[in-house]
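S.K.: Following this message is one structure expressed as structure tokens.
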Amino acid sequence: MSEDLLATCWSSAGNAASDRDDLRSPVPLRGRIEAASAAGFRGFGLLSADLPAAKHEYGLKGIRSMLEDNGIVDLELEGIPYWWDDGLHREESDRVRHDLLNAAEVLDARQIKVTPDGDDNPWDPGRWAAKLAELAAQAHGVGARLGLEFFPWSNIKNLHEGLRLVEDAGHPAAGVVLDVWHIQRAHTPVAELAAVPLHRIVGVELDDADPQVVGTLFQDTVHRRRYCGEGSFDLTGMIMALRTAGWTGPWGVEILSEEHRSLPIQEALNRAADSARSALKKASE
């Protein structure tokens, strides 16, 4: 049974957050990769906003060498804005898509993660399925899988809706990313995780949270996540259910919080990794 961990992009980003105008991490990529490796992670996540500066400083081949030198075997690339849009955002979306797909091919990325419309605007499910299928085919063409992460406040709110869209898209490279925060906050029964088709699981992310949401769901998820085992989630049940579904890793660790961002990056990643390993061990006992 694999216990390999993947540090998702925000876990190693230092003082950066997804509710800011500038999404870029202030920590140089080399320092992030080396800190993740020292904490025992064998997977690493990189946000599209951080890719241009990293390419400029190291080049894609240099980034690949850094990953290999630090024992990183699973790379996740994240973030194609408005991938469903043919309107005002198309030019920006296409530019990021092109850069991310090129990076995925050179860096031998395991997966590309995309997200729904966080503003929950009206949408056409059939059109979205076609767009997702198109993007999945492009990801497959560079050797990666495409993972859709649903959010309770978005137009794709829960596991059921995420799986339905992926099935409607119908491409074998498309699947869902299961962040236990979104599973819990969407009130999805833990038992349902055991029935998710394994071929539709692209990624799993572990974290924790307090029983009550503070502020909006978005504010709570960005500022108040907890390290695994320090909150109220039934992580043991979730991990056991996912293992029943056949998932063997890598296990993403996604910690977004004011506390996590305030720590030196090595300390933050050590805590993230140690707490996730403890949760995985507990679920094996």
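S.K.: Checking the a/c ratio against 1.5 first, then a/b against b/c, what shape does the Cα gyration tensor give for the chain? Show your work: numbers first, answer last.
M.R.: Values: a/c = 1.32, a/b = 1.04, b/c = 1.28.
The shape class here is rounded.
S.K.: For TRP251, enumerate residues with amide H under 5 Å from its amide H, sequence gap 5+ or separate chain, H modeled in the peptide plane.
M.R.: Correct list: ASP4, LEU5, LEU6.
S.K.: When the Karplus curve 6.51 cos²θ - 1.76 cosθ + 1.60 is applied with θ = phi - 60°, which whole-Hz ³J(HN,Hα) does each residue of the range 163-170 get, with x for Gly and Pro?
M.R.: The phi angles translate into 5, 5, 5, 5, 5, 5, 5, x Hz.
S.K.: Sticking with this one: For an R0 of 25 angstrom, estimate the FRET efficiency from the Cβ-Cβ distance between ASP94 and VAL27 and round to the nearest 0.05. Mind showing how you got there, number by number?
M.R.: Values: r = 28 Å, r/R0 = 1.14.
It comes to 0.30.
S.K.: Within 10 Å of each candidate Cβ there may be at most 16 other Cβ atoms; applying that plus a DSSP loop requirement, which trypsin sites (Lys or Arg not before Pro) in the range 1-92 survive?
M.R.: Values: sites: ARG20, ARG24, ARG30, ARG32, ARG42, LYS55, LYS61, ARG64, ARG90; in loops: ARG20, ARG24, ARG42.
Those satisfying the criteria are ARG20, ARG24.
S.K.: Which of these, ALA137, ALA13, ALA174, has the largest mean-square fluctuation under a Gaussian network model of the chain (Cα springs below 10 Å)?
M.R.: In the Gaussian network model the winner is ALA137.
S.K.: Once label points are set 7 Å from the Cα along Cα→Cβ at both SER232 and ALA194, what is their separation, rounded to one decimal in nm?
M.R.: Modelled inter-label distance: 2.4 nm.
S.K.: Apply the Karplus curve 6.51 cos²θ - 1.76 cosθ + 1.60, θ = phi - 60°, to the phi angles in the range 217-222 and return the couplings in whole Hz, x for Gly and Pro.
M.R.: After applying 6.51 cos²θ - 1.76 cosθ + 1.60, I find 4, 5, 4, 5, 6, 7 Hz.
S.K.: For the residue pair SER65 and ASP86, what label-to-label distance in nm results when each label sits 7 Å from Cα along the Cα-to-beta-carbon direction?
M.R.: Label-label distance for SER65 and ASP86, simple model: 4.4 nm.
S.K.: By how many nm would the segment from GLU267 to ALA130 grow when fully extended, if each residue of separation counts as 0.36 nm and the alpha-carbon distance is taken off?
M.R.: 45.0 nm
S.K.: While we're on this one: Using the Cα centre as the reference, give the magnitude of the dipole from point charges on the C-beta atoms of the range 5-101 (Lys, Arg: +1; Asp, Glu: -1; all else neutral), rounded to the nearest 20 debye. Don't skip to the end; give the middle numbers.
M.R.: Numbers: 11 positive and 17 negative charges, 73 e Å.
The calculation lands at about 340 debye.
Throughout, read-outs are computed from the coordinates displayed, never taken from laboratory work. Computed from a predicted structure; not experimentally measured. Cβ atoms come from the backbone with ideal geometry, glycine included; neighbour counts cover every protein chain shown.
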